[in-house]
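First comes the structure, then the notes that go with it.
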Amino acid sequence: MGIDEGVRRPRGTNRDGWESELDFAELERIFPRYVGPGPRYTSYPTVPVWTGAFEPDDHARALRALPSDAEISLYAHVPFCASLCHFCACNRVITRDPDLPERYLQTIEAELDLARAELPGRLRCGQLHWGGGTPTHLHPRQIERLFRAMSDRFDLVPGAEISIEVDPRVTTAEQVDVLADCGFNRISLGVQDTNEETQRAIHRIQPFSMTRGLTERARARGIERVNYDLIYGLPHQTVESFAGTLDEVLSARPDRIALYGYAHVTWVAKQQRGFERGDLPDPARRIEIFLSAIRRLADAGYRAIGMDHFALPEDELARALDSGTLRRNFMGYTTREGVDVLAFGPSAISETRDAYVQVEKDLPRWFAEVEAGRLATTRGIWLTPDDRARRWIIGRIMCEARLSAAEVEGRFGGCFRDDFAAALDRLRALEKDGLVELSENGDLVVTGVGRVLLRHVAMAFDAHLDPEAAQSARTFSQTV
Ligand code: SF4
């Protein structure tokens with residue numbers, strides 16, 4: 001069912017649910033109540049709930065439970081980077097040691113074999129994605145080797161999406177040629193911000209000419225689908241400076257733009273402590289930068305997808321939004337139907353219909369475990385029937401900003417209003433602040449103001465979340 005069918009949308013919102021003119025005064029009034037940490041819901045239950053008691057045997061059992069006709073997604077985490085960007089909270093290894101990527105390739109091949117031994121056969125793959133770190137830290141022949149390692153062990157279906165995250169500062173024309181020859185058809189460029197003062201502060205000097213040159217090279221080689229990643233809330237950013245970034249970005253007309261909020265998580269990324277707090281825009285300025293950006297992107301013809309993605313109307317994400325097939329997982333927003341994601345490399349997270357599993361983050365420990373012939377499982381969780389229902393509900397909210405009570409009952413049985421009474425109570429408080437509109441039977445639509453605070457709407461359905469503990473435990477990033 002498409003977004004315009006079934007559950008109605010709030011008055012005054014456009015087809016993607018954003019209000020054409022947000023009531024800033026109203027937003028500023030309610031905003032202080034919602035400043036605080038919260039999950040991004042790339043999984044449910046969220047990672048802090050998972051347990052270290054989830055063993056390699058559990059991991060193997062989750063793989064064995066996949067049906068032989070499953071069409072899966074594959075992910076490889078390539079952890080290496082040549083230098084550290086000071087905003088970054090990813091799992092990465094800063095190195096120039098040429099031996100490490102070779103050992104990494106040997107180990108990920110062994111890890112793929114360990115997983116294959118548990119799977120019910122040779123599975124089909126509809127989506128393959130490499131993230132990092134910097135996947136283009138690998139040399140051209142290493143790129144070919146990793147691609148072969150994955151495509152030899154799984155059947156890439158015709159039309160599979162094959163995508164990679166690249167850092168324009170280190171990616172060469174030769175690497176682009178190899179990616180095109182392998183069949184990569186989508187490329188995601190880290191851009192963040194093109195303003196020089198901000199780039200100096202985040203330790204990432206990347207003139208836009210570099211980004212444009214790589215974009216043109218990829219398109220010329222037939223990698224036509226291009227994403228740009230941007231970040232708002234970085235040091236020295238203002239509405240005006242970020243408008244300058246958008247001017248440059250829009251001149252290259254990427255198919256998709258991911259606009260992430262900077263996550264100030266100094267307990268994970270100690271180098272962020274180097275940012276003087278005074279250099280970071282305060283919460284009100286952050287939201288102003290974000291809202292100005294979404295207006296600008298809408299004016300340029302981009303459609304808002306979920307919480308933080310924007311796509312041209314002909315892009316698959318926009319089409320998936322209309323057809324109700326948009327999904328959210330650890331790779332972000334995706335158009336693929338199935339939930340099963342098999343992930344490889346240090347820190348990689350797999351999601352199956354029954355479980356989530358993360359492998360060891362620490363590179364030497366990951367090497368040691370896999371070289372000893374073990375799946376390097378570090379934590380995970382088996383999903384209960386209640387978790388599965390809430391995962392689906394939270395997914396609908398994060399993707400479509402709406403929910404149909406009848407659809408939940410059709411999929412999972414039970415009575416929506418009784419089974420989710422506590423969530424509905426929480427939503428009524430949000431309704432008073434104008435974040436959602438609730439109907440008698442429990443149908444939910446998120447308003448334009450609510451779209452800005454979407455994580456709070458999803459949090460109403462999170463049965464594992466203790467908001468007070470999350471505040472004090474410094475577990476999650478700021479919700480806006
Ligand atoms: S932002 Fe990307 S390139 Fe920079 S340190 Fe993080 S993973 Fe590496």
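When Arg285, Arg303 are screened for being at negative phi and crowded, with 16+ Cβ neighbours inside 10 Å, only Arg303 passes. Of the residues screened, Thr107 is not one that is in a helix (DSSP H, G or I), within 16 Å of the ligand (Cβ to nearest atom), surrounded by 19 or more Cβ atoms within 10 Å (Cβ to Cβ) and of a type in the set (Val, Ile, Thr). Of all the residues in segment 70-98, those that are near the ligand (Cβ under 9 Å from one of its atoms) and without any contact (Cβ under 8 Å) to a residue 60 or more places away in the chain number 4.
Report whether or not Gly345 is surrounded by fewer than 18 Cβ atoms within 10 Å (Cβ to Cβ), of a type in the set (Gly, Ala, Ser), at pLDDT 90 or above and out of contact with any Gly (no Cβ under 8 Å at 6 or more places or on another chain). Considered against the rule, which asks whether it is surrounded by fewer than 18 Cβ atoms within 10 Å (Cβ to Cβ), of a type in the set (Gly, Ala, Ser), at pLDDT 90 or above and out of contact with any Gly (no Cβ under 8 Å at 6 or more places or on another chain), Gly345 comes out as no. Residue-level check: of (1) assigned to a helix (DSSP H, G or I); (2) small (Gly, Ala, Ser); (3) surrounded by fewer than 22 Cβ atoms within 10 Å (Cβ to Cβ), Ala160 misses just (1). So is Arg61 outside the structural domain of Ile289 (by TED's automatic domain parsing), over 30 Å from Asp229 (Cβ atoms) and away from the ligand (no atom under 16 Å from the Cβ) or not? Here the answer is no, as Arg61 does not meet what is asked.
Which residue, of Thr215, Thr266, is at pLDDT below 95 and either part of a helix (DSSP H, G or I) or assigned by TED's automatic domain parsing to the domain that holds Glu337 (or both)? First the steps, then the outcome.
Details: Thr215 fails: at pLDDT below 95.
Exactly one residue qualifies, and that residue is Thr266.
Take the residues in segment 171-184 that are assigned to a loop (DSSP other than H, G, I, E, B) and surrounded by fewer than 18 Cβ atoms within 10 Å (Cβ to Cβ), then tell me which one is farthest from the ligand (Cβ to nearest atom). The qualifying residue farthest from the ligand (Cβ to nearest atom) is Gly183.
Out of Pro120, Pro158, Pro168, Pro101, one residue alone is in the same structural domain as Ile202 (by TED's automatic domain parsing) and either within 14 Å of the ligand (Cβ to nearest atom) or among the polar types (S, T, N, Q) (or both). It is Pro168. Determine whether Pro79 is within 20 Å of Gln358 (Cα to Cα), buried (at least 16 other Cβ atoms within 10 Å of the Cβ), touching a Lys or Arg at 6+ places or on another chain (Cβ under 7 Å) and not hydrophobic (A, V, I, L, M, F, W, C). So Pro79 passes the test. Determine whether Gln237 is of a type in the set (S, T, N, Q), within 16 Å of the ligand (Cβ to nearest atom) and either in a loop (DSSP other than H, G, I, E, B) or without any contact (Cβ under 8 Å) to a residue 60 or more places away in the chain (or both). Criteria not met by Gln237.
Among the residues of segment 136-152, is there at least one that is surrounded by 20 or more Cβ atoms within 10 Å (Cβ to Cβ), within 16 Å of the ligand (Cβ to nearest atom) and at positive phi? Taking every residue of segment 136-152 in turn, none turns out to be surrounded by 20 or more Cβ atoms within 10 Å (Cβ to Cβ), within 16 Å of the ligand (Cβ to nearest atom) and at positive phi. Please tell me if Ile187 is under 24 Å from the mean Cα position of the chain (by Cα), among the hydrophobic types (A, V, I, L, M, F, W, C) and within 15 Å of the ligand (Cβ to nearest atom). Against the criterion (under 24 Å from the mean Cα position of the chain (by Cα), among the hydrophobic types (A, V, I, L, M, F, W, C) and within 15 Å of the ligand (Cβ to nearest atom)), Ile187 qualifies.
Within segment 306-328, the residues that satisfy the criterion of being more than 18 Å from the chain's Cα centre (by Cα) and at negative phi are Leu312, Pro313, Glu314, Arg319, Asp322, Ser323.
The values are calculated or read from the model by the stated rules, or taken from the named source; none is laboratory data. What you are looking at is a predicted structure, and each value in this text was computed from that prediction instead of being measured. Cβ atoms come from the backbone with ideal geometry, glycine included; neighbour counts cover every protein chain shown.
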